[in-house]
Amino acid sequence: MLTSDQNRNKARHVDVREASEHLVVSGHTLYINKSIGFDLTCIDKYLYSMRFSDETLHDIKCRFRRELENGLGRDTNTTATVKMLPTFVRSIPDGSEKGDFLALDLGGSNFRILRVKVTQDKKQPVQMESLVYETPEDIIHGSGTQLFDHVAECLGDFMEKQKIKDKKLPVGFTFSFPCAQTKLDEAVLVTWTKKFKVSGVEGMDVVKLLNKAIKKRGDYEADIMAVVNDTTGTMMTCGFDDQRCEVGIIIGTGTNACYMEELRHIDLVEGDEGRMCINTEWGAFGDDGSLEDLRTEFDREIDRGSLNPGKQLFEKMASGMFMGELVRLILVKMAKEGLLFEGRITPELLTKGKIETKHVSAIEKSKEGLTKCKEILTRLGVEPSQEDCVAVQHVCTIVSFRSANLIAATLGGILTRLKDNKGVARLRTTVGIDGSMYKMHPQYARRLHKTVRRLVPDSDVRFLLSESGSAKGAAMVTAVAYRNKMGLTPTKV
Ligand code: BGC
């Protein structure tokens, strides 16, 4: 148990029109570090394959649009790589939600448990209290029984601390992995991703597994009413503040997006009226080889050393989990070729995980970035010169810029689909967004917004940062599900 926070239910918005890039000129020919006038063309050339022109980005956007269609189609769904999973969430919050809920949030950077109280109070409609629980390495690489026993134990501890062990509160479960759902309170895990590899859970309904673990304890009861992906939770959280929100994105340890699709286009779900949130699972884009021309030797090496080789290839190019490691692999190669550190290679530099994504963010800070870079490289024992630091900072820029560009292209695919679905000349929409990469990296958000604006010029996109996380959204979904279950005025979830 590490932190506790309350009432962080405000959302900050960033308008794409505010975006401007000041540090690096990202033309198609040259990057120049203006701060010290250092010519970095040789690095640009060296990492040429990681720098995408707008033409390539448009091409990726079109490829991704085809993936969306394949995932939705009856005949193409089984072989589609981008799974387009129906979520059974049919609308964003309408403000009528209320109640006292528990929310579990598993699969992001922390395992959190929250109590979410939703009232009709205008000033403070949502009150949240939360605790973060550690999920040790042996649990995320252990057995399903161990994992769900741990979750049930933490939930028991939380209820005890809240003095609600005698109550049977409705629970919303944010489970940030691909799940096949046929209803809100059933979620069959398709595959583990990111750092998780727990045996005996793939192909199983996680609600059943958790219920079993809770029952086995016998010291409290819980009513798990809804399982939502973190993208859906984010869209719902932001939808509470902005009714236009119809896309949810995560750029953190993993990456993914959901959006509201017309039911008539979702072949796998009955009905033609209205919309349903689709969890795209875009992290798997490229798993059928469709991004092979864009993957580099570094991407292949990352994949080979991962827990799930051949899977989540787009995620491995774009998400936070792999950013630091991509940079490290590039530095090792450049050092071996004598292009950095006068060829010095240390055991630290050769150690997997020694450069983390948070280091990439620190190195790219406009003011103290170079000083940070020197500190980080010195810790790796490579005795960097000033030129080395500038060069490494530039490598970081190319790697993180590539990520923002890739996400802009796939998001562009979703936005153009939304625009076509609505049949409008100009799309006005809001994208709810969360994740450590987006939030912590100093330049990432601006670059992403700017590229999206270029790729989808006929749109006004508002990016809404989800400050209170996806669990608030999970509570909204639970609120509506609970109201329907209790036979109160049925509303769409
Ligand atoms: C998972 C998604 C999740 C994303 C962000 C991916 O690895 O497959 O379900 O939304 O990470 O957490």
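The values are calculated or read from the model by the stated rules, or taken from the named source; none is laboratory data. Quick caveat: nothing in here was measured; it's all calculated off a predicted structure. As a convention, Cβ positions derive from the backbone with ideal geometry for all residues, glycine included, and neighbour counts pool all protein chains shown. Please note that ligands, DNA and RNA were not included when accessible areas were found on the heavy atoms of the full protein model with its side chains. Shrake-Rupley method; radii C 1.70, N 1.55, O 1.52, S 1.80 Å.
In segment 242-254, is there at least one residue being near the ligand (Cβ under 9 Å from one of its atoms), under 15 Å from Ser176 (Cβ atoms), touching a strand residue (DSSP E or B) at 6+ places or on another chain (Cβ under 8 Å) and of a type in the set (Ser, Thr, Tyr)?
Checking segment 242-254: not a single residue is near the ligand (Cβ under 9 Å from one of its atoms), under 15 Å from Ser176 (Cβ atoms), touching a strand residue (DSSP E or B) at 6+ places or on another chain (Cβ under 8 Å) and of a type in the set (Ser, Thr, Tyr).
Give segment 419-444 a look and list any residue that's surrounded by fewer than 22 Cβ atoms within 10 Å (Cβ to Cβ), among the aliphatic types (A, V, I, L, M) and part of a helix (DSSP H, G or I), or say none.
Residue satisfying the conditions is Met440 alone.
Do the conditions hold for Lys374, that is, is it open to solvent by 10 Å² or more (accessible area, probe 1.4 Å) and touching a Cys at 6+ places or on another chain (Cβ under 6 Å)? Before you say what the answer is, go through the steps one by one.
On the way: open to solvent by 10 Å² or more (accessible area, probe 1.4 Å): yes; touching a Cys at 6+ places or on another chain (Cβ under 6 Å): yes.
Criteria met by Lys374.
Restricting the search to segment 117-131, which residues are surrounded by fewer than 18 Cβ atoms within 10 Å (Cβ to Cβ) and of a type outside the set (S, T, N, Q)? Don't jump to the end; show me each part of the working.
Of segment 117-131, the ones surrounded by fewer than 18 Cβ atoms within 10 Å (Cβ to Cβ) are 117, 119-125, 127, 129.
Correct list: Lys117, Asp121, Lys122, Lys123, Pro125, Glu129.
Please list, ordered by first then second residue, the pairs with beta carbon atoms under 6 Å, 6 or more apart or interchain, first in segment 423-444 and farther than 16 Å from Leu464 by Cα, second open to solvent by 50 Å² or more (accessible area, probe 1.4 Å) and away from the ligand (no atom under 16 Å from the Cβ).
Arg426/Asp458; Pro442/Lys365
Would you pick out the residues in segment 230-261 that are among the polar types (S, T, N, Q), assigned to a helix (DSSP H, G or I) and either open to solvent by 10 Å² or more (accessible area, probe 1.4 Å) or under 19 Å from Leu68 (Cα atoms) (or both)? Lay out the reasoning, then the answer.
As a first pass, look at segment 230-261 and keep what is among the polar types (S, T, N, Q): 231-232, 234, 237, 243, 253, 255-256.
Still in the running and assigned to a helix (DSSP H, G or I): 231-232, 234, 237.
Result: Thr231, Thr232.
In segment 208-224, what residues are in a helix (DSSP H, G or I), in contact with a helix residue (DSSP H, G or I) (Cβ under 7 Å, 6 or more places away or on another chain) and closer than 24 Å to Arg483 by Cα?
Leu210, Ile214
Exactly one of (1) closer than 17 Å to Ile398 by Cβ; (2) touching a Lys or Arg at 6+ places or on another chain (Cβ under 9 Å); (3) more than 15 Å from the ligand (Cβ to nearest atom); (4) not in a loop (DSSP other than H, G, I, E, B) is unmet by Met276. Its number?
Looking at each condition in turn, Met276 falls short on (1).
Among (1) within 21 Å of the chain's Cα centre (by Cα); (2) of a type in the set (Val, Ile, Thr); (3) at pLDDT 95 or above, which single condition is Ile266 missing?
Just one mismatch for Ile266, condition (1).
What single numbered condition from (1) open to solvent by 10 Å² or more (accessible area, probe 1.4 Å); (2) within 16 Å of the ligand (Cβ to nearest atom); (3) closer than 24 Å to Val431 by Cα; (4) assigned to a loop (DSSP other than H, G, I, E, B) fails to hold for Pro309?
If we test Pro309 against (1) open to solvent by 10 Å² or more (accessible area, probe 1.4 Å); (2) within 16 Å of the ligand (Cβ to nearest atom); (3) closer than 24 Å to Val431 by Cα; (4) assigned to a loop (DSSP other than H, G, I, E, B), just (3) comes out false.
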